[in-house]
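The values are calculated or read from the model by the stated rules, or taken from the named source; none is laboratory data. For clarity, every value in this text was computed on a predicted model and none was experimentally measured. Neighbour counts are summed over all protein chains in view; Cβ atoms, including those assigned to glycine, are modelled from backbone coordinates with ideal geometry. These accessible areas exclude ligands, DNA and RNA; they are computed on the full protein's heavy atoms, side chains included. Shrake-Rupley method; radii C 1.70, N 1.55, O 1.52, S 1.80 Å.
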Number of protein chains: 2
Amino acid sequence: MAEKVFDIAIVGGGPAGLSAALTGRIRNKTVAIFEPYGFSAKVQQAHLIDNYPGLPGISGKEMIERMAAHCLEHEPVVIKEKVVNIFPGDPFTLLTPGDTYEAKTIILTTGVATTALLTGEKEYIGRGVAYCATCDGRMYTGKDVAVVSYTAAEEHEVKFLGEICRNVFYLPQYKGDFSHLGDKVRIIGGKPRAVLGAEQVTALATDKEELKVDGIFIMRQSDPLENLLPDLVLENNAIRVNRDLSTNIPGVFAAGDCTGRPWQVAKAVGEGLTAVLSAVAYVDALKK
Amino acid sequence: MAEKVFDIAIVGGGPAGLSAALTGRIRNKTVAIFEPYGFSAKVQQAHLIDNYPGLPGISGKEMIERMAAHCLEHEPVVIKEKVVNIFPGDPFTLLTPGDTYEAKTIILTTGVATTALLTGEKEYIGRGVAYCATCDGRMYTGKDVAVVSYTAAEEHEVKFLGEICRNVFYLPQYKGDFSHLGDKVRIIGGKPRAVLGAEQVTALATDKEELKVDGIFIMRQSDPLENLLPDLVLENNAIRVNRDLSTNIPGVFAAGDCTGRPWQVAKAVGEGLTAVLSAVAYVDALKK
């Protein structure tokens, strides 16, 4: 359970999140950054970024290393866990697969919003569609589940489901060796197409077959925002923000790719700064 | 007169302007930056800036030098002249004291808007209040003028007025040696308080006296936006912008301190990037 209430919880450790954390610490607030995958896997893949003023012609990897080092000098708390749910309140509660945290304000820097959802996915969130085995797996003890995964980082979740479920159909959307997942996990080829069901999920349709299941776990680097924070208002597949980067939920701010184009480092860094100054003002107003 | 039409004219060479110019050039557009005073005098004065991610703990001077060098590698045209008026049209026309330029789009990166205008100043713009001796001085040949100046950089303008006017009352709001301005320029102590007049300006009131004059020249590092581009809509003393940094005038964008707080390098750099990508899209749409 939460031991302390952070002033500011930042969900995502890319350029926007690092910029927000840096200025938040300089403004003397307690700051937690939640980033399970290493700082900005996306930027790290860029061979060359030449339009961030002051750092000419360097690789994405070097850029993010410099930004992370600069930010970490100011000692934010880095929590290498994925935030799977946020509950509004005073304070906010953040749920990860293994723990619970509290914060007075939230800054979402989750990257480009996941928009290519499966047909039927959104309708069945909470009625058979889930994103975190540690959180929701127990409900499927002795039952049949399918797991669609776009990342190898969540294979431990699949293994866990193998231990408690009757059948686990695993549809990895990446290449790898899956033998370590155990006998109970059946590797299924093909692409997922649609979530089928009535009151609850009844099957996952792929391009090859229909798998009868009770639950479907979907593992992406970022979950649909509808699942993370259900009341958040989106616009054109991005988080709707005001000029001060506040969202429709008081105390929740957003910055970087998740607020829409342009998907660029300089824009993300600038928004991270503006968002955290708005969050600082929000925290300070709470004290009055 | 203009020899070529720039795709993008950027008014101001601080972090926002340099960021816009950099990405504009990378996107293969012709770009002119108008900056008469050296890149960001304001940032250069900062002893330490520690919240621009990737460049930890450096002076404002070093930061702006690195940004300028990075930008200039990509060869924008730097025009060391002050833009005193912009006339909307297709293309836009930009007027400096000595020349005329044309551009398809405008990005305003003029810094914190000049808001502490003199009492009566705004009402008498064009009716005795002026900001550019080279442009408007001839109208006051043989007449009496007052010059209020907050910067030594415009003393050559004062000297010129001394050559053509009957009396020049000079109110420098900075310290210096003014003997080189010539006998016709009378140095007046005190602070300017109000512009007085009827149909036209009749006097400048200071905290000590009332100077009977036909015209008042006011020299600041940035002129009131009302004078630069009269139809521009402001809000809370900043340029009103949309999320894509467009203003109310099609083809005119704004970025950095002139769009409002926070007045910070990272915010300016991010907005410069977003504004120029919006300008690039605008230019590309013109071709269709």
Item to check | Inter-part distance where region A:229-288 and region B:244-286 are each reduced to a Cα centre, Å | outcome: 18 Å
Checklist outcome for this item: Whole-Hz Karplus couplings 3J(HN,Hα) for region B:73-86, θ = phi - 60° and coefficients 6.51, -1.76, 1.60, Gly and Pro as x, run 3, 9, 6, x, 8, 9, 10, 8, 10, 8, 7, 9, 8, 10
Next on the checklist: For the rotation taking chain A to chain B, which residue of A has the Cβ nearest the axis, and how many Å away is it?
Outcome noted: A:GLY270, 1
Checklist entry - In square angstrom, rounded to the nearest 10, how much accessible surface does A:THR202 have for a 1.4 Å probe? => result 70 Å²
Item to check | Percent accessible area from carbon and sulfur atoms, chain A, protein chains only, probe 1.4 Å | outcome: 49 percent
Checklist entry - Nm distances between the label at B:ASP231 and the same-position labels in the remaining copies, 7 Å along Cα→Cβ, shortest first? => result 4.3
Item to check | Accessible area per residue, Å², the protein assembly as shown with all protein chains present, probe 1.4 Å | outcome: 43 Å²
Checklist entry - Near B:LYS42, which lysines are there with a Cα under 18 Å away, not counting those fewer than 8 places off in the same chain? => result B:LYS61, B:LYS80, B:LYS82, B:LYS267
Checklist outcome for this item: Counting only Cβ distances under 4.7 Å between cysteines, those in the protein assembly as shown with no partner are A:CYS71, A:CYS165, A:CYS258, B:CYS71, B:CYS165, B:CYS258
Item to check | Sites B:LYS212 and B:VAL112, calculated FRET efficiency, Cβ-Cβ separation with R0 25 Å, nearest 0.05 | outcome: 0.15
Checklist entry - Which log10 I(q)/I(0) values, to two decimals, does region B:150-258 give at q = 0.09 Å⁻¹ under the Debye formula with one point per Cα? => result -0.35
Checklist outcome for this item: Sorting from shortest, the nanometre distances separating the label point of B:TYR150 (7 Å past Cα along the line to Cβ) from those of the same residue in the other copies are 5.0
Next on the checklist: Tell me which DSSP H helices of chain A clear both cut-offs, 30 Å or more of axial length from alpha-carbon atoms and a mean Kyte-Doolittle hydropathy of at least -1.0.
Outcome noted: A:265-287
Checklist entry - If you take the beta carbon distance between A:PHE160 and B:SER59 as r and set R0 to 45 Å, what does 1/(1 + (r/R0)^6) give as a FRET efficiency, to the nearest 0.05? => result 0.30
Checklist entry - What residue among A:THR114, A:THR30, A:THR141 has the largest mean-square fluctuation in a Gaussian network model of chain A, using Cα springs under 10 Å? => result A:THR141
Next on the checklist: Going by amide H atoms built from the backbone, whose H comes under 5 Å of the H on B:VAL78, apart from near neighbours?
Outcome noted: B:ILE33
Checklist outcome for this item: For chain A, the Cα gyration tensor yields equivalent-ellipsoid semi-axes (√(5λ), largest first, whole Å) of 34, 21, 17
Checklist entry - Taking only C-alpha pairs under 8 Å that are 6+ residues apart, what is the relative contact order of region B:132-287 in percent? => result 17 percent
Item to check | Euclidean distance between Cα centres, region B:132-146 to region B:1-62, Å | outcome: 32 Å
Checklist entry - In nm, what is the difference between 0.36 nm times the number of residues separating A:ALA285 and A:LYS4 and their Cα-Cα distance? => result 99.2 nm
Item to check | Cα radius of gyration and Dmax for the protein assembly as shown (Å) | outcome: 29.3, 100
Checklist entry - Using a Förster distance of 30 Å, how high is the FRET efficiency between B:ASP50 and B:THR151, based on the Cβ-Cβ distance and rounded to 0.05? => result 0.55
Next on the checklist: Please check: in the Gaussian network model of chain A (C-alpha springs, under 10 Å), which one of A:GLU35, A:GLU155, A:GLU199 has the largest mean-square fluctuation.
Outcome noted: A:GLU199
Checklist outcome for this item: Per the helix-only model, the protein assembly as shown has a calculated mean residue ellipticity at 222 nm (DSSP H runs of ≥4, -39500 (n - 2.57) each, divided over all residues, rounded to the nearest 500) of -7000 deg cm²/dmol
Checklist outcome for this item: Residues from region B:236-252 losing no less than 50 square angstrom of accessible surface in the full protein assembly compared with the chain alone, 1.4 angstrom probe, ligands and nucleic acids excluded, are B:ARG243
Checklist entry - From the label point of A:LYS61, set 7 Å from Cα along Cα→Cβ, how far away are the matching label points in the other copies, in nm, ordered shortest to longest? => result 3.7
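Just to confirm the filter: which GluC sites (Glu not before Pro) across region A:1-67 are DSSP coil and have at most 12 other Cβ within 10 angstrom of their Cβ? Don't skip to the end; give the middle numbers.
Values: sites: A:GLU3, A:GLU62, A:GLU65; in loops: A:GLU3.
The qualifying sites are A:GLU3.
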Checklist entry - To the nearest 100 Å², how much accessible surface do chains B and A cover up together, summed over both, with a 1.4 Å probe? => result 2500 Å²
